There are 6 protein chains.
Amino acid sequence: MKILIINPNSDPQMGKEIQENAEDFAKGRFEVVCKNTPVAPAFIETYEDMSKAAAGMIQLARENESKFDAFVIGCHYDPHLDVMKEILKKPVVGIGEASIKIASMLGHQFSILTTDDHSIPIHEELVRKYNLYEVLASVRAPGREFDKCSEEEKYLATARLAIKKDRAEVIVLGCAGLTGLDRSLRRELNVPVLDGVVCALFIAAGLAEI
Amino acid sequence: MKILIINPNSDPQMGKEIQENAEDFAKGRFEVVCKNTPVAPAFIETYEDMSKAAAGMIQLARENESKFDAFVIGCHYDPHLDVMKEILKKPVVGIGEASIKIASMLGHQFSILTTDDHSIPIHEELVRKYNLYEVLASVRAPGREFDKCSEEEKYLATARLAIKKDRAEVIVLGCAGLTGLDRSLRRELNVPVLDGVVCALFIAAGLAEI
Amino acid sequence: MKILIINPNSDPQMGKEIQENAEDFAKGRFEVVCKNTPVAPAFIETYEDMSKAAAGMIQLARENESKFDAFVIGCHYDPHLDVMKEILKKPVVGIGEASIKIASMLGHQFSILTTDDHSIPIHEELVRKYNLYEVLASVRAPGREFDKCSEEEKYLATARLAIKKDRAEVIVLGCAGLTGLDRSLRRELNVPVLDGVVCALFIAAGLAEI
Amino acid sequence: MKILIINPNSDPQMGKEIQENAEDFAKGRFEVVCKNTPVAPAFIETYEDMSKAAAGMIQLARENESKFDAFVIGCHYDPHLDVMKEILKKPVVGIGEASIKIASMLGHQFSILTTDDHSIPIHEELVRKYNLYEVLASVRAPGREFDKCSEEEKYLATARLAIKKDRAEVIVLGCAGLTGLDRSLRRELNVPVLDGVVCALFIAAGLAEI
Amino acid sequence: MKILIINPNSDPQMGKEIQENAEDFAKGRFEVVCKNTPVAPAFIETYEDMSKAAAGMIQLARENESKFDAFVIGCHYDPHLDVMKEILKKPVVGIGEASIKIASMLGHQFSILTTDDHSIPIHEELVRKYNLYEVLASVRAPGREFDKCSEEEKYLATARLAIKKDRAEVIVLGCAGLTGLDRSLRRELNVPVLDGVVCALFIAAGLAEI
Amino acid sequence: MKILIINPNSDPQMGKEIQENAEDFAKGRFEVVCKNTPVAPAFIETYEDMSKAAAGMIQLARENESKFDAFVIGCHYDPHLDVMKEILKKPVVGIGEASIKIASMLGHQFSILTTDDHSIPIHEELVRKYNLYEVLASVRAPGREFDKCSEEEKYLATARLAIKKDRAEVIVLGCAGLTGLDRSLRRELNVPVLDGVVCALFIAAGLAEI
């Protein structure tokens, strides 16, 4: 079985990290390829960034439909997920939807960690779209006070706030760029930590097996 | 005051009708221009159709921001409305959101008339996004039995079903292509009939006046 | 076109301010008259205050139906709005409903500024009625610490708290008595500020034009 | 203990029936008095009817507060219930809210029987206000085909439709004028049948005992 | 009339307190018996504790159905309430559902006081089940800073926080073990304080009278 | 990796079918064992049936925790899922929750096929619990008219009704006893058909891999 992860941005470094973490999870049970979207922003932060990726994502989807068994959209905003589901006859899973819905299965409430304050309302809107706003504990970005910390320290501290102050029972990494960070957070925290890439992969693989 | 209606499709006939009906409503109180989206499908029926219009709509918005006081997105699916709101510093109103929210102010429940069955779930999803699914009576497309009727007869009959069977107290025209039909339906029906283009225009004009 | 604003209270000063601000907005494009409710409390603060205005408001509506093209209920609690919509065959718009629904079109979340703590749950209840509680950032009244400030400073500081702490992207003035304050707040804040009287006016005028 | 039922209309016959059924339920365990509202419509069918009763209801409440231990608002629309709760320091229960909330405790879904089609959306709105629209099976008024039947046959047939077609597991009588009909319906149907007057009485009495 | 309170735990002391407070409320108007569940945990704190009580509760229900007129489940988590409602042909009322729904009738928002932090999400989940999460002000357990206070002081302080910080207008005792505490809290606080045992009793008694 | 499916009933035939279909899906990628619950009803149809399985399920879970990497609860009602999640430190997935949440990822609306009318409100309640009632098209049991048809014909006809009349875009098999039927339905229908056992397996396996 072969799964294509469509990375909606054009950053080779992020594409590479997604690819590596996906392979780490797949462990050879299935093949996984991450392709960057041609003509797309380097990072997806705004609604406009998402729009700019539309044409390239559709092109990538159409060119690859026959070569893959399932598709993952590798950005936590789930850009153009409705389109991808519509045009592809094979399973398509967004890392946002996958991790949010799996999170809702693992605890009473979950929090999403995101990279910066600007994206908080976009994540909240997505959670509303998936009907799970009532069980969202919070969306949190690391505060300025962590600016000098390592990525790991920063998100660890932010997750701890979500657990303690917002009573989150599950932590969701709210950006594909954080892929892999779940492992270190999980070691430190006493709650499930979800990487959307991983959640989307096992759902996509599962659906492709049916 | 000048309002730009961005018609997300490229059909000159639909652009012309929107323009004429908009001018009819504006009656010279404000200037209104409808521009078709360059590089866009002739008709917006699917999610993919919406995606294909993204780049052209953004281009149109950026090119015209300084020349207009407010913007209307002239397709009832409200394609890329979040992007348009984000990138334009001036008021932007979608005809779907405008007519749905105004409809919710005029009766206990409203129905949306759409062109074909395929678009029903897309309209329902939009109503959920706007938090008004509890007061949606129905989304209805004319049945096959009206195939030989005139447009007016077709939608009149469909509206009557919505009023009688679904207890709709307000009718919303669910497609910019139906613009103008509200007048004839209103003459026959005893309930408010809303044309999204008109609703979006008066909200956009109002916001631009502030 | 002529619009009647029914001020549900009997305070001549508030009626005068509403009238002036409404005319400022209308700029001669339409005629607008604000009438105080005969036999009504000087200020509408409680549910009982609203009830006391019922008979006078109905009388005012009936006496004026033939003389005006649309009606605005000029209190942010939207007192007796259901009755007014029921008995008048012409458009009726409440300033609460108008500003709350327009606010939901201009940002992910909005906050309402109100005059005192007692009215907070009444405003929240209204937002629930309009199905928009999920996108309400907060309802805030100026704290005691602003007692010695000017009206403008007081509400400016309160709006800033709503923006900063509750992540409001739109500010709604939650009292007809605050009409006009939107202009000075807008100058200071980087988000839309809505005066319900203005929102209701442009919706009512728009509906009357159809 | 003494409970006052405020009948928001002025129909002596309905007041008498409410009084009798209330006494039947009270069986001397507590005293119950039903007073008609001075200056009120003979029957509460519309929003305007409710408004017309406001002043008289407030007068009745204030005059009687010291003489009674709890209050019941005897109309299924719960007219002015918010006001009554606000001004009276003693328990106040609406027969609509009481029966709707008790119904939600007795089955997965409930239906409301009402006197005519016009009131259906008003009842639905009330159920939304009480947050229970998701568990409302239906609101039904007897169809024209039952015009020549007795009251009992009419509502029995209507209840059977609600049970069979809408899968109602509980039936709520949606009008104080139907008080007492629950007994005969209960004999025929295999589901709980709730008279709002009775539900409100036992809640009011319970709260007064605390 | 005879009401059986099924105490889902096996703590004789708690059973005794429930019995005494229930009799205090019943004042001889009806007979009330509280029976502990055979083979059940001493205290119901977790989901597992609830499960362990299932068999004993069903046994108690079946053995006593013919001897009692109505049943109360005496734990605020409402364990196995769906089962009890299903198997008993007579009224069954949970103290959680009863007090939560009555609370929603007495103010805009209510708070639940619970014994410890662990139970907060379980109570929140219950409020969601009853569709009232939008009007839940908070669930609060006494903080560590009150460890040395008396039970009364502890919950009084916690209730005050709920009223002041969360704007609760009604307080619900979230544990059968707190039965009776409502009287002293009510004396100190200016809002209704509800003991679920009492609420369930008057609803059960009312339903049994029909 | 080893996954234990806890079949909450005691029917050896159903246990065997679940085991076989689970192995078919696992195809040796992971080991899967289905164990029947000791002391449980032969079929789980009512709330009481679920309660009767509680003790045995907990025993099974505790005895097997160290031997398996993840757990699936093999009944579409998700009996005691909250308890299982609470007591097991390893992933636990209910086939109801898994298939309902995956269904919500594959189309605008989904329908659940169940074995008989009695279970419809129990399934609806479950969908409400998972916050997805707004996107539930229907729950349908085969009508009497299909009594003489084969299982496959029966559910095929029922699924076709859900697709045509309720506009379901995804079909969920609402009973573990229907496991395997998804393959034949999928061949005939043009929409995704989900077997909860399969959905739960791939989620459980995915979570166990993390």
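The values are calculated or read from the model by the stated rules, or taken from the named source; none is laboratory data. Here the structure is a predicted model, which means the values were calculated and not measured. When we count neighbours, we look across all protein chains shown, and the Cβ atoms used for this are built from the backbone with ideal geometry, even at glycine.
Taking the listed residues B:76, B:118, B:108, the one that is in contact with a Cys (Cβ under 7 Å, 6 or more places away or on another chain) and closer than 25 Å to residue B:157 by Cα is B:76, with no other qualifying. Just checking, does the stretch F:10-29 include any residue being in contact with a strand residue (DSSP E or B) (Cβ under 9 Å, 6 or more places away or on another chain), more than 16 Å from residue E:58 (Cβ to Cβ), without any contact (Cβ under 8 Å) to a residue 60 or more places away in the chain and of a type in the set (Ser, Thr, Tyr)? Yes; the residues of the stretch F:10-29 include at least one that is in contact with a strand residue (DSSP E or B) (Cβ under 9 Å, 6 or more places away or on another chain), more than 16 Å from residue E:58 (Cβ to Cβ), without any contact (Cβ under 8 Å) to a residue 60 or more places away in the chain and of a type in the set (Ser, Thr, Tyr). Out of curiosity, is residue E:28 more than 15 Å from the chain's Cα centre (by Cα), farther than 27 Å from residue D:101 by Cβ, within 12 Å of another protein chain (Cβ to nearest Cβ) and surrounded by fewer than 22 Cβ atoms within 10 Å (Cβ to Cβ)? So residue E:28 passes the test. Among the candidates A:125, A:134, A:97, the residue that is at the interface with another protein chain (Cβ under 10 Å from one of its Cβ atoms) and crowded, with 23+ Cβ neighbours inside 10 Å is uniquely A:97. Against the conditions (1) part of a loop (DSSP other than H, G, I, E, B); (2) closer than 20 Å to residue C:174 by Cα; (3) without any contact (Cβ under 8 Å) to a residue 60 or more places away in the chain, residue C:82 satisfies every one except (1). Just checking, does the stretch B:68-75 include any residue being under 23 Å from residue B:173 (Cα atoms), away from chain A (no Cβ under 14 Å) and among the charged types (D, E, K, R)? No. Here the condition is being over 16 Å from the mean Cα position of the chain (by Cα) and among the aliphatic types (A, V, I, L, M); of A:201, A:194, A:189, it holds for A:189 alone. Exactly one residue out of F:103, F:141, F:159 is in contact (Cβ under 8 Å) with a residue 60 or more places away in the chain and either acidic (Asp, Glu) or buried (at least 18 other Cβ atoms within 10 Å of the Cβ) (or both), and it is F:103. When the residues of the stretch C:186-210 are filtered to those that are without any contact (Cβ under 8 Å) to a residue 60 or more places away in the chain and in contact with a Leu (Cβ under 6 Å, 6 or more places away or on another chain), the one that is nearest to the other protein chains (Cβ to nearest Cβ) is C:193. Residue-level check: of (1) closer than 19 Å to residue C:48 by Cβ; (2) in contact with a strand residue (DSSP E or B) (Cβ under 8 Å, 6 or more places away or on another chain); (3) outside any helix (DSSP H, G or I), residue D:105 misses just (1).
Just one of the listed residues (B:160, B:183) is over 13 Å from the mean Cα position of the chain (by Cα) and within 11 Å of chain C (Cβ to nearest Cβ), and it is B:183.
The test for being more than 17 Å from residue F:131 (Cα to Cα), modelled with pLDDT of 95 or more, polar (S, T, N, Q) and not assigned by TED's automatic domain parsing to the domain that holds residue A:81 holds for residue A:138. For the stretch C:102-117, indicate whether the set of residues that are within 24 Å of residue B:191 (Cβ to Cβ) and not hydroxyl-bearing (Ser, Thr, Tyr) is non-empty. Checking the stretch C:102-117: at least one residue is within 24 Å of residue B:191 (Cβ to Cβ) and not hydroxyl-bearing (Ser, Thr, Tyr). Selection within the stretch B:37-48: residues that are within 9 Å of chain A (Cβ to nearest Cβ) and in contact (Cβ under 8 Å) with a residue 24 or more places away in the chain. The member of this set that is surrounded by the fewest Cβ atoms within 10 Å (Cβ to Cβ) is B:46. Within the stretch C:163-178, the set of residues being of a type in the set (D, E, K, R) and without any contact (Cβ under 8 Å) to a residue 60 or more places away in the chain comprises C:164, C:165, C:166, C:167.
Would you check which residues across the stretch F:62-94 are of a type in the set (Gly, Ala, Ser) and surrounded by fewer than 24 Cβ atoms within 10 Å (Cβ to Cβ) and list them?
Scanning the stretch F:62-94 gives a single hit, F:66.
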